[in-house]
1. Of all residues in the range 86-102, which are of a type outside the set (Gly, Ala, Ser) and either more than 26 Å from Gln212 (Cβ to Cβ) or not in a strand (DSSP E or B) (or both)?
2. With the condition kept exactly as written, say whether any residue in the range 260-267 is part of a helix (DSSP H, G or I) and within 27 Å of the chain's Cα centre (by Cα).
3. Restricting attention to the range 404-440, report how many residues are closer than 19 Å to Asp142 by Cα and under 14 Å from the mean Cα position of the chain (by Cα).
4. Starting from residues that are in contact with a helix residue (DSSP H, G or I) (Cβ under 6 Å, 6 or more places away or on another chain) and not hydroxyl-bearing (Ser, Thr, Tyr), keep the ones in the range 420-430 and report whichever is surrounded by the fewest Cβ atoms within 10 Å (Cβ to Cβ).
5. Using beta carbons and a limit of 9 Å, which pairs, at least six apart or on different chains, have the first residue in the range 356-374 and among the hydroxyl-bearing types (Ser, Thr, Tyr) and the second one part of a helix (DSSP H, G or I)?
6. Run down Ser379, Ser442, Ser416 and say which single residue is touching a Lys or Arg at 6+ places or on another chain (Cβ under 8 Å), among the hydroxyl-bearing types (Ser, Thr, Tyr) and crowded, with 18+ Cβ neighbours inside 10 Å.
7. Just to be sure before I move on: is Ala80 within 25 Å of the chain's Cα centre (by Cα) and small (Gly, Ala, Ser) in the structure I sent?
8. Mind checking whether some residue in the range 39-47 is surrounded by 19 or more Cβ atoms within 10 Å (Cβ to Cβ), hydroxyl-bearing (Ser, Thr, Tyr) and in contact with a helix residue (DSSP H, G or I) (Cβ under 8 Å, 6 or more places away or on another chain)?
Amino acid sequence: MVIGRFPERIVVIGAGMAGLVCTLELMKKGYSVRLLEANSQPGGRIYTMRDQFADGLFCEIGAAFIGAHHFLTLSYAQQAGVQLINLPVPNRSLSYIDGRLIIDSPAEPALWPVSLTAEERILGYAGMLEKYLKPGLKAAGDPFLPGWPTQQAAQLDSMTMEEYLKGQGASSGAIKLFEIGYMQMLGDGIGKVSALQRLLDLKMVSSESNTQTIVGGMDQLPKKLALTIGSNISYGCAVTHIEHSNKGVVIQFTNSGEVFTICCDRVIVAIPSTVLRTIHFSPPLSKEKNDVIQNQLSTSVTRTVIQSRTRFWNSLSSFTTVNTDLKIGWLLDATFTQTKSKRGLICSYSSGESARVISRAGNFNSAVSEIKQVLPELSYNYEGGTVFSWDHNPYSRGAYAWYKPKQMLRMLPALSSEQGRIYFAGDNTSLFPGWIEGAISSALRAVNQIIANN
């Protein structure tokens, strides 16, 4: 509990998962907390798109699943009382490369249309992942152990993921395969992103069978946490100025065109760096803090969602996702847990330059054409669709943080440290940007920083 007659007044900015957890934990400890959110709903980049599709169908535009070892996320899901469901585990994978659909399974390994070494062809895709990634995953180490980052981790942060793979002996053909699908969905791809960040992110993707999602939509988690917070949340409040001193903090925000001011003892800023740049600080933040906020990169992500009259893709045995070499990127069945309608939703997940191209005005039809290339029967089942770009969302201005070589280990300490009475949270200040687990861990760290300074 807070010592003293009156608890400290804390303002939290941003009602994504980091801001929600900060608020809940501080309230539990007796602090007086006010949560300001610019949007009209909680969740941040946990966004379940509804009301645009028939038959009550919905599509995850942001965070879509919870890994088996995401213990913090699972804990808060349990606290919120949401129901989880296991994702299906396909017995084969589908890829679309050079204009044809390729099926790969342990029983029938694919004949990949790329130049592989004789050993790589024997290993197959799964074997190549094991051979080339296992040493790096070990070298990346455990960030939660004392002494991290190790010298090996620092070496990984000094190179791109592509350079790491080449150093492990991966052929150009193997690297091309790795560029198709999940490994390409961070920043501007494996040719640009820090090998350390890419490998730490891969550790977040559980290989176990019980990866889960939330029944009824991922947005049920932040909504239920927000209900617990209740009237301590104020929506439609866009913070514009933060004035701070050793005596307290004065925050200015707008609501419905009017300007308001709130005073507090401390503030937690739990919004992405891309949005944080729009807030004026007086006095200015330190040069080091300001530099990392201004220069932290954000992954471009665009989702194209198509409504289909039938789920014709169910005839493709074990279809849940298709990795493609097209601009649409990763293609998935967005409604595999929704069984009440015969209709279905197909969603593409584009990142990097491909995402920026698709998000430009007039490019929706080209994305639909690419999806039809992969799934020709869509031509007879198409009922409409939409495009959502995280770059164009005013509350995020990008999806999740990414780092070039020599940025991650240099920037993270400055991003996560407090400055006077100002504290910082959000998945972009954590080791695991883009994950709910990263957002929650950053929130708990910020709360502990406040407690330590009381």
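The values are calculated or read from the model by the stated rules, or taken from the named source; none is laboratory data. Predicted model, so just to flag it, every value in this text is computed and none were measured. With ideal geometry, Cβ positions are generated from the backbone for all residues, glycine too; neighbour counts draw on all protein chains shown.
1. First pass over the range 86-102, keeping only residues of a type outside the set (Gly, Ala, Ser): 86-92, 94, 96-98, 100-102.
Hits for the range 86-102 are Leu87, Pro88, Val89, Pro90, Asn91, Arg92, Tyr96, Ile97, Asp98, Arg100, Leu101, Ile102.
2. Here is the first cut: in the range 260-267, the residues part of a helix (DSSP H, G or I) are none.
No, the range 260-267 contains no residue that is part of a helix (DSSP H, G or I) and within 27 Å of the chain's Cα centre (by Cα).
3. Residues that pass the stated criteria total 14.
4. Asp427
5. Ser366/Val357; Ser366/Ile358
6. Working: Ser379 fails: crowded, with 18+ Cβ neighbours inside 10 Å; Ser442 fails: touching a Lys or Arg at 6+ places or on another chain (Cβ under 8 Å).
Step by step, each of Ser379, Ser442, Ser416 is checked, and only Ser416 is touching a Lys or Arg at 6+ places or on another chain (Cβ under 8 Å), among the hydroxyl-bearing types (Ser, Thr, Tyr) and crowded, with 18+ Cβ neighbours inside 10 Å.
7. On the way: within 25 Å of the chain's Cα centre (by Cα): yes; small (Gly, Ala, Ser): yes.
The answer is yes for Ala80.
8. Keep residues of the range 39-47 that are surrounded by 19 or more Cβ atoms within 10 Å (Cβ to Cβ), which gives 39, 42-47.
Okay, now just the ones that are also hydroxyl-bearing (Ser, Thr, Tyr), so 47.
Of the ones still in play, those that are also in contact with a helix residue (DSSP H, G or I) (Cβ under 8 Å, 6 or more places away or on another chain) are none.
No.
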